[in-house]
Amino acid sequence: MRGDMTGEATVTVKRGGLYLSREVYDRFFPGIETVILLRRDDDLLILPVRHAAAGGYLLKLRNAAGDRVVQAADFLQAQGIGEATEISLPVVWNAEFAGLCARAAFRLQI
C-alpha cells in the first residue's frame with residue numbers, strides 16, 4: 001500500500017453497512033473495488049481484493065464526496081450485529097493480514 005499507514009482512522013457500522021470516508025478509502029484502499037470482511041476472534045478484518053473475480057463485497061460510491069459503503073447486512077447479522085446497531089470503530093492497518101483491523105469490534109457491539 002502507498003502512503004502513511006499509521007495514525008487514527010474510523011469506519012462506521014450502521015443500517016447493515018460498513019461506511020468508509022473518502023479519506024479512509026484513499027488512504028488504505030486506493031483503486032480497490034471490493035473487500036473481504038472476516039471475523040478473527042473479536043476483531044473485524046477488512047481486506048482488499050486485488051482481483052474482482054476473487055469475490056468479496058463491493059466498495060460502492062456513496063456520494064459526490066467520494067465516501068464508500070459496503071452493504072454487508074448478511075455478514076453483520078451472522079455476527080450478531082443487527083441493522084439498528086450504529087457504532088464507529090477505530091481501525092488500524094494490520095501488516096500481517098494486509099488490511100484494516102477494527103480491534104475488539106465484536107465485543108463493542110450490543
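The values are calculated or read from the model by the stated rules, or taken from the named source; none is laboratory data. Remember, predicted model here, so these are calculated numbers, not experimental data. Neighbour counts run over all protein chains shown; Cβ positions are idealised from the backbone, glycine included. To get the accessible areas, we keep the full protein, side chains included, count just its heavy atoms, and leave off ligands, DNA and RNA. Shrake-Rupley method; radii C 1.70, N 1.55, O 1.52, S 1.80 Å.
Nearest 20 debye, what's the magnitude of the dipole of the chain about its Cα centre given +1 on Lys and Arg Cβ and -1 on Asp and Glu Cβ?
Working: 13 positive and 13 negative charges, 38 e Å.
The dipole of the chain has a size of about 180 debye.
What's the magnitude of the charge dipole for the stretch 23-65 around its Cα centre, counting Lys and Arg as +1 and Asp and Glu as -1 at the beta-carbon? Answer in Debye, nearest 20.
Working: 6 positive and 6 negative charges, 33 e Å.
Computed about the Cα centre, the dipole is about 160 debye.
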At a probe radius of 1.4 Å, what is the per-residue accessible area of ILE87, in Å² to the nearest 10? 40 Å²
Treating the Cα atoms of the chain as identical point scatterers in vacuum, please give the log10 of the normalised Debye intensity I(q)/I(0) at q = 0.19, 0.21 Å⁻¹, two decimals. -0.97, -1.21
Karplus 3J(HN,Hα) series, Hz, for the stretch 81-87 with 6.51 cos²θ - 1.76 cosθ + 1.60 (x for Gly, Pro): 9, x, 5, 7, 6, 9, 8
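Rounded to two decimals, what is the ratio between the C-alpha radius of gyration of the stretch 43-92 and 2.2 N^0.38 Å?
Details: Rg = 12.5 Å, N = 50, 2.2 N^0.38 = 9.7 Å.
Output field value: 1.28.
Under the rule a/c < 1.5 gives rounded, and otherwise a/b versus b/c splits prolate from oblate, where does the stretch 69-110 land using the Cα gyration tensor? Write down the numbers at each step before the final one.
On the way: a/c = 2.15, a/b = 1.67, b/c = 1.29.
It comes out prolate by the Cα gyration axes.
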Along the dipole axis of the stretch 63-109 (charges at Cβ: +1 for Lys and Arg, -1 for Asp and Glu; origin at the Cα centre), the most positive-end residue among GLY82, TRP93, VAL69 is TRP93
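Calculate for the chain the 222 nm mean residue ellipticity that helices alone would give, adding -39,500 (n - 2.57) per DSSP H run of length 4 or more and normalising by residue count, nearest 500 deg cm²/dmol. Intermediate values should be presented prior to the final figure.
On the way: 3 runs with 17 residues, N = 110.
Estimated from H runs of four or more residues: -3500 deg cm²/dmol.
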Chymotrypsin sites (Phe, Trp or Tyr not before Pro) restricted to DSSP loop in the stretch 54-110 with at most 15 other C-beta within 10 Å: PHE97
Just the number, please: Stokes-Einstein D of the stretch 18-71 in µm²/s, Kirkwood Rh from C-alpha pairs, 37 °C, 0.692 mPa s. 287 µm²/s
With unit charges on the beta carbons (Lys and Arg positive, Asp and Glu negative) and the dipole taken about the Cα centre of the chain, which residue among LEU58, ALA105, ALA9 sits farthest to the positive side? LEU58
With DNA, RNA and ligands ignored, accessible area of GLU96 (1.4 Å probe; Å², nearest 10): 140 Å²
Which whole-Hz ³J(HN,Hα) couplings does the stretch 8-23 yield from phi under the Karplus relation 6.51 cos²θ - 1.76 cosθ + 1.60, θ = phi - 60°, glycine and proline marked x? 8, 8, 9, 10, 10, 9, 6, 6, x, x, 10, 9, 10, 5, 4, 4
Rounded to the nearest 10 Å², the accessible area of VAL11 at probe 1.4 Å: 0 Å²
